[in-house]
């Protein structure tokens, strides 16, 4: 009978000590592994220990977060590309010095007015008739290109 009384407190001490050892080995997430390698977590355990013992579902949460970040960066880059493309399209005609074949056509009234204005200019500057249209244009606009 005395043996049972001595063994019972020792058994309780071993069990209590084993539980304390596991509790002392908890990581910052609130989880620990037993001797067999099984992961156990407190009810209030949180994610944040990648590669260690952590609550179930933490890896999936991390994967979703990374995917969201990738999508956000992709969207941001696409918007920047669109803004850049629009900026070039708007700036191209302003920097162009010569009209191209994509220049709009003059209406009949505009063409008639241009002819009248050229006749007036050539009447006042007879030597301009021998120069190229580009040279005349430079003189009229004040460009020193």
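Among residues of the stretch 95-110 that are at pLDDT 55 or above, those with a beta-carbon under 7 Å from a residue that is outside any loop (DSSP other than H, G, I, E, B) at least six positions away or on a different chain give the pairs 106/114.
When 63, 81 are screened for being at pLDDT 85 or above, closer than 30 Å to residue 41 by Cβ and either in contact with a helix residue (DSSP H, G or I) (Cβ under 8 Å, 6 or more places away or on another chain) or assigned to a helix (DSSP H, G or I) (or both), only 63 passes. Summed over the stretch 103-132, residues that are surrounded by 11 or more Cβ atoms within 10 Å (Cβ to Cβ), part of a helix (DSSP H, G or I) and in contact with a helix residue (DSSP H, G or I) (Cβ under 8 Å, 6 or more places away or on another chain) total 3.
The values are calculated or read from the model by the stated rules, or taken from the named source; none is laboratory data. Being a predicted model, the structure only gives us computed values, none of them experimental. Cβ sites come from the backbone with ideal geometry, for glycine too, and all protein chains shown count toward neighbours.
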